[in-house]
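Colleague: Here it is, the structure in full.
The values are calculated or read from the model by the stated rules, or taken from the named source; none is laboratory data. For clarity, every value in this text was computed on a predicted model and none was experimentally measured. Cβ sites come from the backbone with ideal geometry, for glycine too, and all protein chains shown count toward neighbours. Note: accessible area is taken over every heavy atom of the protein model, side chains too, but ligands, DNA and RNA are not part of it. Shrake-Rupley method; radii C 1.70, N 1.55, O 1.52, S 1.80 Å.
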Amino acid sequence: MTETDPLSKFRLDDRVVLITGASSGLGQRFARVAAAAGAAVVVGARRRERLDSLVDELPDALAVEVDLTAVGSVERLIGEATGRYGRVDVLVNNAGVSTAVAALDFTAEDFRREIEIDLVVPYALSRAVAAAAISDRRPASVINVGSVLGTVGGGKLRVPGYAAAKGGLHNLTRELASEWARKGVRVNAIAPGWFPTEMAAEMFEGGRAGAYIEDNTPMGRAGELDELDGVLLFLAGDASTFVTGQIIHVDGGWTAV
């Protein structure tokens with residue numbers, strides 16, 4: 001009988017993982033987890049000092065300081081990654097912004113800016129990584145970081161731009177997955193609930209928002225960063241080779257009620 005090692009399918013040895021928004025929060029955690037699973041890691045963000053500090057911890061990593069809204073920035077990021085490693089096997093579209101402002105006070109220009117960062121940039125990066133993989137006839141995995149607010153409304157949170165962008169990102173995930181499935185490129189999304197990150201800092205300060213999370217999450221608490229490790233490795237590695245177009249909520253039940 002052939003021996004089976006199910007855990008090997010969660011390894012990322014000999015893979016190149018590109019993670020955006022990696023200078024803090026989820027992106028930083030994703031970089032550490034991918035590296036621990038054996039991947040070479042490319043981290044992109046605007047804050048160079050934080051990227052350099054992160055890369056110093058990792059066995060094989062490249063830091064790219066980049067503002068992904070700047071003209072030519074997507075091409076430069078992909079170019080530096082492939083210049084160092086020759087390819088990108090896994091793309092984690094994690095960079096994003098969120099502004100808590102009621103819709104009547106959130107201008108159309110503000111809205112366009114959030115859509116650009118949270119939706120247009122992931123599309124451009126996904127397209128670039130997929131084009132190269134399809135041309136080379138090799139598999140690739142795109143992992144979009146969505147949100148529970150891409151599935152349900154924010155209500156009292158008042159995040160019209162973010163909610164619209166993440167809702168678009170969820171359906172973009174399905175669309176790209178359906179287009180590229182027969183070409184070896186899988187596209188899925190992680191939709192986190194509430195986690196203690198820099199972006200969500202206001203939700204955890206002062207006590208009121210913390211109570212809001214506890215009261216409205218069936219599990220009665222926010223998530224811990226390591227509770228996203230499993231879904232990241234599942235989607236990035238061979239454990240999910242028959243999975244594409246899926247939005248996986250890691251939210252303590254937020255979207256179940």
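Colleague: Considering only region 2-13, I want to know if a residue exists there that is at pLDDT below 95, among the acidic types (Asp, Glu) and open to solvent by 50 Å² or more (accessible area, probe 1.4 Å).
Modeller: Yes, some residue in region 2-13 is at pLDDT below 95, among the acidic types (Asp, Glu) and open to solvent by 50 Å² or more (accessible area, probe 1.4 Å).
Colleague: Next question, about the same structure. I need every pair where a residue in region 116-131 that is more than 14 Å from Glu175 (Cβ to Cβ) has its Cβ under 9 Å from the Cβ of a residue that is part of a helix (DSSP H, G or I) and of a type in the set (Phe, Trp, Tyr), sequence separation at least 6 or different chains.
Modeller: Asp118/Tyr162
Colleague: Here's another thing I want to ask about it. Among the strands (runs of 3 or more DSSP E) lying completely within region 54-145, list those that include at least 1 residues that are open to solvent by 30 Å² or more (accessible area, probe 1.4 Å), charged (D, E, K, R) and in contact with a strand residue (DSSP E or B) (Cβ under 8 Å, 6 or more places away or on another chain).
Modeller: The strands (runs of 3 or more DSSP E) meeting that bar are 61-65.
Colleague: In region 178-225, what count of residues is obtained for those that are under 19 Å from the mean Cα position of the chain (by Cα), open to solvent by less than 30 Å² (accessible area, probe 1.4 Å) and modelled with pLDDT under 85?
Modeller: 2
Colleague: Further question: Can you tell me which residues in region 241-255 are touching a strand residue (DSSP E or B) at 6+ places or on another chain (Cβ under 7 Å) and not in a strand (DSSP E or B)?
Modeller: Within region 241-255, Val243, Thr244, Gly245, Gln246, Asp251, Thr255 qualify.
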